[in-house]
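*Asks:* Shown below is the structure under consideration.
The values are calculated or read from the model by the stated rules, or taken from the named source; none is laboratory data. Every value quoted in this text rests on a predicted model; they were computed, and no experiment measured them. Here the Cβ positions follow ideal geometry from the backbone for every residue, glycine too, while neighbour counts run over all protein chains shown. Calculation scope for accessible area: heavy atoms of the full protein, side chains included, ligands and nucleic acids excluded. Shrake-Rupley method; radii C 1.70, N 1.55, O 1.52, S 1.80 Å.
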Amino acid sequence: MPKNRPTSYLEGYQQALEDFAIANLLTQLQTYSNADFDAAWMNLTQTELESLAAMLIRDLTANLDGKLIAGLPKRHPSR
């Protein structure tokens with residue numbers, strides 16, 4: 001999170017994280033564990049979590065799949 005910014009900026013930043021589900025992604029990354037990756041073992045800092053989230057978003061953007069996109073409304077009808 002940016003430092004030395006006015007409170008309204010930080011509130012807006014936090015709201016954007018919530019609005020675009022980034023806060024949830026960061027939480028999931030912080031606690032994620034399977035055979036290939038264990039966040040607790042890695043003991044990631046907030047900056048490292050944010051960098052990892054950015055890498056995942058860039059990877060998703062670069063590898064968009066029409067079938068995945070088309071199926072989203074069916075899997076998430078309330079959104």
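*Asks:* Scan the stretch 23-64 for residues that are polar (S, T, N, Q) and within 27 Å of residue 12 (Cα to Cα) and jot them down.
*Replies:* Filtering the stretch 23-64 down to residues polar (S, T, N, Q) leaves 24, 27-28, 30-31, 33-34, 43, 45-47, 51, 61, 63.
Matches in the stretch 23-64: 24, 27, 28, 30, 31, 45, 46, 47, 51, 61.
*Asks:* Here's a follow-up. Which one of these is in a helix (DSSP H, G or I), surrounded by 10 or more Cβ atoms within 10 Å (Cβ to Cβ) and either at pLDDT below 90 or out of contact with any helix residue (DSSP H, G or I) (no Cβ under 8 Å at 6 or more places or on another chain) (or both): 27, 47, 61? Even if it seems obvious, please write down each step before you answer.
*Replies:* On the way: 47 fails: surrounded by 10 or more Cβ atoms within 10 Å (Cβ to Cβ); 61 fails: surrounded by 10 or more Cβ atoms within 10 Å (Cβ to Cβ).
Being in a helix (DSSP H, G or I), surrounded by 10 or more Cβ atoms within 10 Å (Cβ to Cβ) and either at pLDDT below 90 or out of contact with any helix residue (DSSP H, G or I) (no Cβ under 8 Å at 6 or more places or on another chain) (or both) holds for just one of 27, 47, 61, which is 27.
*Asks:* Collect the residues in the stretch 33-44 that are open to solvent by less than 100 Å² (accessible area, probe 1.4 Å) and over 23 Å from residue 17 (Cβ atoms), keeping them in residue-number order.
*Replies:* First pass over the stretch 33-44, keeping only residues open to solvent by less than 100 Å² (accessible area, probe 1.4 Å): 33-34, 37-40, 42, 44.
Answer for the stretch 33-44, where residues must be open to solvent by less than 100 Å² (accessible area, probe 1.4 Å) and over 23 Å from residue 17 (Cβ atoms): 34, 38.
*Asks:* Just wondering, is there one or more residues in the stretch 30-42 that are among the β-branched types (Val, Ile, Thr) and assigned to a helix (DSSP H, G or I)? Outline the logic, then answer.
*Replies:* Within the stretch 30-42, the first condition is being among the β-branched types (Val, Ile, Thr), and the residues that meet it are 31.
Next, only the ones that are assigned to a helix (DSSP H, G or I) stay: 31.
Yes - at least one qualifying residue is present in the stretch 30-42.
*Asks:* For the stretch 64-79, how many residues meet the condition of being basic (Lys, Arg) and outside any helix (DSSP H, G or I)? Steps first, answer last, please.
*Replies:* Applying the first criterion (basic (Lys, Arg)) to the stretch 64-79 yields 67, 74-75, 79.
Adding the requirement that they be outside any helix (DSSP H, G or I) leaves 79.
The total comes to 1.
*Asks:* Restricting to the stretch 28-56, count the residues that are of a type in the set (A, V, I, L, M, F, W, C) and in contact (Cβ under 8 Å) with a residue 24 or more places away in the chain. Step through it out loud before you land on a result.
*Replies:* Within the stretch 28-56, the first condition is being of a type in the set (A, V, I, L, M, F, W, C), and the residues that meet it are 29, 35, 37, 39-42, 44, 49, 52-56.
Filter once more, so that each one left must be in contact (Cβ under 8 Å) with a residue 24 or more places away in the chain: 29, 53, 56.
Number of matching residues: 3.
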